[in-house]
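Participant: Dropping a structure here in structure tokens format, bear with me for questions.
The values are calculated or read from the model by the stated rules, or taken from the named source; none is laboratory data. Bear in mind the structure is a predicted one, so any value in this text is a computation, not a measurement. Heads up, the Cβs are rebuilt from the backbone with ideal geometry, glycines too, and the neighbour counts pull from every protein chain shown. These accessible areas exclude ligands, DNA and RNA; they are computed on the full protein's heavy atoms, side chains included. Shrake-Rupley method; radii C 1.70, N 1.55, O 1.52, S 1.80 Å.
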Amino acid sequence: MKFTQVLSVAILAGTLTMVSCKDAEKEQMEAEKMEMEQRAADSLKMVEEQMAEREAMAVEVGGAKMYADQTIVENASKADNLTTLVAAVQAAGLVETLNSDGPFTVFAPTNAAFDALPQGTVATLLKPENKEQLSGILTYHVVSGNVDAASLMNMIEQNGGTATLDTVNGGQLTASVVDGKVVITDAKGGKSTVIIADVKQSNGVVHAVDTVLMPA
């Protein structure tokens, strides 16, 4: 074979090799692009599913949705019927505590519960000089741990119809079931009914109640 023929064949072979490499490179790039697009689609789908699950788990209180990935104070601050409680928590200096890891179980009095107290009581308790007394009342509504409705009902059943709950305040609450509803009795014999149960929080659970509980 003449030199020129050999050279032509070599050039042709080299050209084919280059074309083949470029094709392979292009295919690899397209495959990588498709993989990235699929990953992005999968991530978006996962986020959408997580958001849908978050919405499904949310409980509406006072016209606002309470989300299980937010703290007790963050959720309560959005509820129209818990504004007095939030103001009291702020005045008592308990925001940081109720935003901490916990977990806490809070029996949260609604605005109507505070309104039912003797006239002037709330205004008096919110005064700076009464901060300690206010803190004592609020922490009487808080139990350490995550006591959901099912756990509380089980405790009541296992203890012959009543369950004693130790509060952060140091006092005790008594839980029982009356006409199918959980009723909390305070140290003075006052009774408060759970009107919304199992509002999950990132640092515990909240049960809205219709009466302010009073320590001894």
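Participant: Determine, yes or no, whether Gly93 is over 19 Å from Val205 (Cα atoms), in contact with a Pro (Cβ under 6 Å, 6 or more places away or on another chain) and either at pLDDT below 95 or not basic (Lys, Arg) (or both).
Facilitator: No.
Participant: Counting only residues that are modelled with pLDDT under 95, open to solvent by less than 40 Å² (accessible area, probe 1.4 Å) and either of a type in the set (D, E, K, R) or more than 23 Å from the chain's Cα centre (by Cα) (or both), how many does the stretch 197-214 have?
Facilitator: Residues meeting the conditions: 0.
Participant: Filter the stretch 130-162 for residues that are farther than 28 Å from Val86 by Cβ and outside any helix (DSSP H, G or I) and give the result.
Facilitator: Correct list: Asn159, Gly160, Gly161, Thr162.
Participant: Right, here's the next one. If you check Ile72 against the conditions, is it in contact with a Gly (Cβ under 8 Å, 6 or more places away or on another chain), surrounded by 16 or more Cβ atoms within 10 Å (Cβ to Cβ) and either hydrophobic (A, V, I, L, M, F, W, C) or farther than 23 Å from Gly189 by Cβ (or both)?
Facilitator: yes
Participant: If Thr167 satisfies every condition in (1) open to solvent by less than 20 Å² (accessible area, probe 1.4 Å); (2) of a type outside the set (Lys, Arg); (3) within 25 Å of Asp101 (Cα to Cα); (4) without any contact (Cβ under 8 Å) to a residue 12 or more places away in the chain but one, which is the exception?
Facilitator: (4) is the only condition that Thr167 fails.
Participant: Pairs under 7 Å by beta carbon, first residue in contact (Cβ under 8 Å) with a residue 60 or more places away in the chain and open to solvent by less than 20 Å² (accessible area, probe 1.4 Å) in the stretch 108-123, partner in a loop (DSSP other than H, G, I, E, B) and of a type in the set (Asp, Glu), six or more apart or different chains?
Facilitator: Close Cβ pairs satisfying both conditions: Thr110/Asp210; Ala113/Asp210.
Participant: Which condition number in (1) in contact (Cβ under 8 Å) with a residue 40 or more places away in the chain; (2) open to solvent by 50 Å² or more (accessible area, probe 1.4 Å); (3) in a strand (DSSP E or B) is the one that Leu173 fails?
Facilitator: Status for Leu173: all satisfied but (2).
Participant: Have a look at Val194, Val142 and point out the one that is at pLDDT 95 or above, in contact with a Phe, Trp or Tyr (Cβ under 8 Å, 6 or more places away or on another chain), open to solvent by 20 Å² or more (accessible area, probe 1.4 Å) and closer than 25 Å to Asn99 by Cα.
Facilitator: Val194
Participant: Right, next: Only one residue in Ala113, Ala56, Ala108 is among the small types (Gly, Ala, Ser), at pLDDT 90 or above and in a helix (DSSP H, G or I), so which one is that?
Facilitator: Selected residue: Ala113, the only one of Ala113, Ala56, Ala108 that is among the small types (Gly, Ala, Ser), at pLDDT 90 or above and in a helix (DSSP H, G or I).
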